[in-house]
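Structure first, then comments.
The values are calculated or read from the model by the stated rules, or taken from the named source; none is laboratory data. All values reported here derive from a predicted model rather than from experimental measurement. Positions of Cβ are generated from backbone atoms using ideal geometry, with glycine treated the same way; all protein chains shown enter the neighbour counts.
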Amino acid sequence: MIEVENLHKSFGGTHVLKGITTVFEKGKTNLIIGQSGSGKTVFMKCLLGLLLPDEGSICYEGRIYSQLSGSEQRDLRQEMGMVFQGSALFDSMTVEGNVMFPLEMFTKQSKAEMQERVDFVLNRVNLVDAHHKLPAEISGGMKKRVAIARAIVMKPKYLFCDEPNSGLDPKTAILIDNLIQEITQEYNITTVVNTHDMNSVMEIGEKIIFLKDGIKEWEGSNKEIFRTDNEAVTNFVYSSDLFKKVRQMYIEERA
Amino acid sequence: MNYLASIGSYSIMVREVFKKPTKWPIMKSLILKEIDELIYNSMGIIIFISIFIGGVVAIQTALNLTNPLIPKNLIGFATRQSVILEFAPTFTSIIMAGKVGSYITSSIGTMRVTEQIDALEVMGVNSLNYLVFPKIIAMLLYPFAVAIAMYVGILGGWIANVAGGYSSSAEFVEGLQLDFTPFHVTYSFIKSVVFAFVIATVPSFHGYYMKGGALDVGKASTTSFVWTSVVIIILNFILTQLLLG
């Protein structure tokens with residue numbers, strides 16, 4: 001569980017995050033949604049410790065990040081896995097090298113143990129024959145799966161995904177969504193996903209936080225988002241005719 | 001003010017490079033990879049440039065010796081002094097600032113743009129130590145490259161001199177041995193160690209702290225080359241004054 005309390009972040013004169021308070025629950029897929037420029041990426045970078053907030057706190061199961069020493073912060077980061085928007089795989093390493101990298105850096109496992117773990121996680125994300133390929137030789141969907149494998153190889157307590165579906169076709173996007181949700185439940189970890197994708201909201205949004213201009217405008221689940229009267233949320237989520245019709249059908253069905 | 005802020009950021013970067021070291025087996029392989037990339041792969045261009053520069057120095061000295069009272073062995077003497085004191089350490093370093101410096105800036109800059117550096121940081125890796133420290137250690141071998149540049153430069157001078165018929169081989173070799181001061185070689189090596197540090201760290205600074213996209217990687221490489229060259233030229237002046245002045 002991650003508890004965020006009154007989080008503020010500014011860059012020069014621009015106040016990006018304006019007092020966000022929320023809780024990201026363990027074993028659930030927590031989604032951060034909002035328009036471009038609403039502060040989602042800055043919020044996630046604060047959660048990852050890549051940016052330090054100006055005010056407020058982020059508490060990881062009793063550990064307030066800003067109160068930890070440098071080495072304690074690095075130890076905490078080793079409990080985090082991150083799937084970047086562009087996958088951020090190391091170009092010079094093979095798929096296997098990328099996934100093995102955290103194990104080589106932070107564990108004292110033997111080569112055989114590391115290989116076993118790498119095979120297991122690559123198998124878990126359905127990548128069985130790409131071990132020796134370079135990132136440049138695989139598709140966007142495969143890169144995301146490698147990034148997920150690298151993120152979970154150290155058995156993290158917290159998994160962060162920044163727009164995991166961007167640039168993927170709808171079918172692959174759903175596969176990635178389902179994979180993230182399955183892994184969250186399987187390992188009982190706290191997962192935070194930053195997304196624009198409304199399919200993800202409907203499919204895996206067990207808890208959704210809607211940001212608008214750096215303020216938490218609304219929070220709830222994907223079931224509740226159908227019923228909400230919050231104008232900002234409905235304008236954002238149901239901006240397309242398709243989703244307007246889906247919502248109407250849902251409401252009529254319930255009525 | 002911006003220059004002062006950059007000097008401050010550079011100093012902080014250099015301090016961070018030596019903190020929280022990466023595990024030795026991983027660091028060892030990174031260092032060997034960087035030796036291959038930064039030193040071994042640069043030997044071709046270093047040898048090529050040195051041989052021609054040595055040749056040009058010998059020809060120009062010979063063509064300016066119009067007074068018959070000046071001995072012909074001055075060609076060998078001037079070639080040796082020019083190559084050892086300036087051309088091998090400084091001219092080669094400017095070439096390296098272009099070749100190696102732009103490689104360092106673009107490779108680290110691309111890692112910044114594609115969030116690979118963020119990925120390292122999120123994992124808890126000291127990205128500066130992981131990326132920059134192996135380059136600094138690899139560049140400690142740079143004086144060996146400069147030594148080869150000295151040898152090849154003088155060889156180029158000898159070939160140009162003899163082939164052009166400006167003086168005999170014996171006169172050239174006599175000039176090479178004339179008033180030789182071993183400290184000049186030490187001075188050259190001291191300069192090359194300092195320049196090696198500059199070539200490893202200034203381009204790393206420009207790559208690591210760059211902002212923007214692919215186009216900005218190219219701009220950062222150009223800026224990095226300009227600043228690395230400027231720093232080398234200024235340090236060359238200061239070191240010459242300190243060591244020989």
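Some notes on this structure:
- Selection status of A:A136, part of a helix (DSSP H, G or I), within 14 Å of chain B (Cβ to nearest Cβ) and of a type in the set (A, V, I, L, M, F, W, C): yes
- Set side by side, the residues B:I117, B:I94, B:I84 differ, and just one is within 14 Å of another protein chain (Cβ to nearest Cβ), assigned to a helix (DSSP H, G or I) and not basic (K, R), which is B:I117.
- Of the residues making up segment A:51-66, those that are surrounded by 15 or more Cβ atoms within 10 Å (Cβ to Cβ) and at pLDDT below 90 are A:L51, A:Y65.
- Hits in segment B:118-129 (condition: on the phi < 0 side of the Ramachandran plot and either buried (at least 24 other Cβ atoms within 10 Å of the Cβ) or at pLDDT below 95 (or both)): B:D118, B:A119, B:L120, B:E121, B:V122, B:M123, B:V125, B:N126, B:S127, B:L128
- Selection status of B:S229, crowded, with 22+ Cβ neighbours inside 10 Å, at pLDDT 95 or above and small (G, A, S): no
- Segment B:1-45, residues that are within 14 Å of another protein chain (Cβ to nearest Cβ), touching a residue at least 12 places away in the same chain (Cβ under 8 Å) and under 25 Å from the mean Cα position of the chain (by Cα): B:E16, B:M27, B:L30, B:K33, B:E34, B:E37
- When A:E116, A:E203 are checked against the criterion of being surrounded by fewer than 23 Cβ atoms within 10 Å (Cβ to Cβ), in contact with an Asp or Glu (Cβ under 7 Å, 6 or more places away or on another chain) and over 19 Å from A:F90 (Cα atoms), a single residue qualifies: A:E203.
- Extreme residue, surrounded by the fewest Cβ atoms within 10 Å (Cβ to Cβ), among residues of segment A:210-233 that are β-branched (V, I, T) and touching a residue at least 12 places away in the same chain (Cβ under 8 Å): A:I215
- Checked against (1) farther than 24 Å from A:K144 by Cα; (2) surrounded by fewer than 17 Cβ atoms within 10 Å (Cβ to Cβ); (3) at pLDDT below 90, A:S36 passes all but a single condition, namely (1).
- Just one of the listed residues (A:K144, A:K133) is touching a residue at least 24 places away in the same chain (Cβ under 8 Å), outside the structural domain of A:S36 (by TED's automatic domain parsing) and in contact with a Pro (Cβ under 8 Å, 6 or more places away or on another chain), namely A:K144.
Okay, residues lined up against (1) within 16 Å of the chain's Cα centre (by Cα); (2) within 19 Å of A:V237 (Cα to Cα); (3) in the same structural domain as A:C59 (by TED's automatic domain parsing):
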| site | (1), (2), (3) |
| --- | --- |
| A:D169 | no, no, yes |
| A:I174 | yes, yes, yes |
| A:L179 | yes, no, yes |
| A:V193 | yes, yes, yes |
| A:N199 | yes, yes, yes |
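- Taken together, A:S57, A:S69 contain a single residue that is hydroxyl-bearing (S, T, Y), more than 22 Å from A:G141 (Cα to Cα), more than 8 Å from chain B (Cβ to nearest Cβ) and touching a residue at least 24 places away in the same chain (Cβ under 8 Å), which is A:S57.
- For B:E115, the conditions (1) surrounded by fewer than 18 Cβ atoms within 10 Å (Cβ to Cβ); (2) free of Cβ contacts under 8 Å to residues at least 40 places away in the same chain all hold with the exception of (1).
- Pairs, first assigned by TED's automatic domain parsing to the domain that holds A:K212 in segment A:12-41, second of a type in the set (S, T, Y) and in a strand (DSSP E or B), C-beta under 6 Å, six or more apart: A:F24/A:T190; A:K26/A:T190; A:T29/A:T191
- Single residue of segment A:72-123 satisfying the filter (in contact (Cβ under 8 Å) with a residue 12 or more places away in the chain and basic (K, R)) that is nearest to the other protein chains (Cβ to nearest Cβ): A:R77
- Restricting attention to segment A:87-101, the residues that are part of a helix (DSSP H, G or I) and surrounded by 21 or more Cβ atoms within 10 Å (Cβ to Cβ) add up to 5.
- Single unsatisfied condition, B:S107 versus (1) farther than 30 Å from A:Q85 by Cα; (2) within 14 Å of chain A (Cβ to nearest Cβ); (3) surrounded by 19 or more Cβ atoms within 10 Å (Cβ to Cβ): (1)
- Matching residues, segment A:162-186, being within 22 Å of A:Y60 (Cα to Cα) and touching a helix residue (DSSP H, G or I) at 6+ places or on another chain (Cβ under 7 Å): A:D162, A:I180, A:Q181, A:I183
- In summary, A:V83 fulfils each of the numbered conditions (1) modelled with pLDDT under 90; (2) touching a strand residue (DSSP E or B) at 6+ places or on another chain (Cβ under 7 Å); (3) crowded, with 18+ Cβ neighbours inside 10 Å with the single exception of condition (1).
- Odd one out for A:L159, checked against (1) at pLDDT below 90; (2) touching a helix residue (DSSP H, G or I) at 6+ places or on another chain (Cβ under 8 Å); (3) not aromatic (F, W, Y): (1)
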